[in-house]
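What follows is a short report on a single structure.
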Amino acid sequence: MDKMLVPPWLESLLSTQFFTVCRTHEDAARSECNMYCLDCEGDAFCFYCRSSRHKDHQVVQIRRSSYHDVVRVSEIQKVLDTSGVQTYVINSARVLFLNERPQPKSGKGVAHICEICGRSLLDPFRFCSLGCKLEGVKRNGDASFTLEAKNEALVGRREGISREEEDLREGSQQDIYPPTPPPPPSSARRRKGIPHRAPFGS
């Protein structure tokens with residue numbers, strides 16, 4: 001697997017167990033371990049551990065939906081290219097599932113399915129979760145998690161569009177201003193003689 005396509009902390013994040021009780025702050029109100037530090041790449045930790053040990057680090061908060069771990073798109077897209085992964089709106093926030101969720105085989109008539117696990121998708125995305133996208137990167141190498149690769153693709157796309165626009169502009173100018181016809185040759189004959197008036201009627 002190309003390390004350039006996947007950040008070093010991603011596999012650790014996807015394999016981390018969240019929502020256990022923090023041993024240091026188990027008697028506190030917010031003691032569940034639902035935070036992950038991208039700089040330290042260690043275990044999950046709680047709200048209080050973040051304040052004391054990870055104050056100036058890159059931290060993402062993991063949430064739960066139907067007993068599965070999710071992360072808000074607004075948080076993770078700052079550090080990860082999430083293109084191709086199905087998003088969902090939960091409690092008014094757009095989220096991504098971290099890992100594959102078991103599902104019976106999709107029946108006939110399902111328009112969109114995950115390329116890795118076959119889960120049915122709501123929209124035309126390639127993957128159902130970050131975990132399935134990671135597997136897709138490992139297998140095929142035709143996807144990436146790095147924002148640099150995403151930015152390069154966007155720049156290339158913009159350059160292509162701007163070139164097309166220039167071609168269109170040039171074409172439209174040619175259409176609007178057709179080439180002027182050449183002047184008549186100088187050797188063209190002119191009528192000679194004096195014009196005569198028609199006689200007046202009687």
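The values are calculated or read from the model by the stated rules, or taken from the named source; none is laboratory data. These numbers come from a predicted model, not from an experiment. The area values use the complete protein model at the heavy-atom level, side chains included, leaving out ligands, DNA and RNA. Shrake-Rupley method; radii C 1.70, N 1.55, O 1.52, S 1.80 Å.
So the values come out like this:
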{"quantity": "Distance cut-off 17 Å, percentage of C-alpha pairs in region 11-95 lying past it", "calculated": "50 percent"}
{"quantity": "Percent carbon-and-sulfur accessible area, region 24-78, ignoring ligands, DNA and RNA, probe 1.4 Å", "calculated": "39 percent"}
{"quantity": "Percent RCO, i.e. relative contact order, over region 37-136, from Cα pairs under 8 Å lying at least 6 residues apart", "calculated": "21 percent"}
{"quantity": "Considering only region 1-132, percent of DSSP beta bridges that pair antiparallel, nearest 5", "calculated": "95 percent"}
{"quantity": "Segment LEU122-VAL110, length gained on full extension (0.36 nm per residue, minus Cα span)", "calculated": "3.4 nm"}
{"quantity": "Distance histogram for region 45-84 (every C-alpha pair counted, 5 angstrom bins, percent rounded to whole numbers)", "calculated": "5, 19, 22, 23, 21, 8, 2, 0"}
{"quantity": "Full-extension gain in nm, VAL21 to GLN61, via 0.36 nm per residue minus C-alpha separation", "calculated": "12.9 nm"}
{"quantity": "Where region 49-124 is the region considered: accessible area per residue in Å², 1.4 Å probe", "calculated": "62 Å²"}
{"quantity": "Solvent exposure, largest accessible area first (probe 1.4 Å, DNA, RNA and ligands not counted), of ARG101, ARG23, ARG30", "calculated": "ARG23, ARG30, ARG101"}
{"quantity": "Per-residue ³J(HN,Hα) for region 118-134, Karplus 6.51 cos²θ - 1.76 cosθ + 1.60, θ = phi - 60°, Hz, x for Gly and Pro", "calculated": "x, 5, 6, 10, 6, 10, x, 9, 8, 10, 8, 7, 5, x, 6, 5, 4"}
{"quantity": "Cα extents of region 1-152 along the three principal axes, largest first (Å)", "calculated": "50, 34, 25"}
{"quantity": "Cα-Cα pairs of region 62-129 separated by more than 16 Å (percent)", "calculated": "47 percent"}
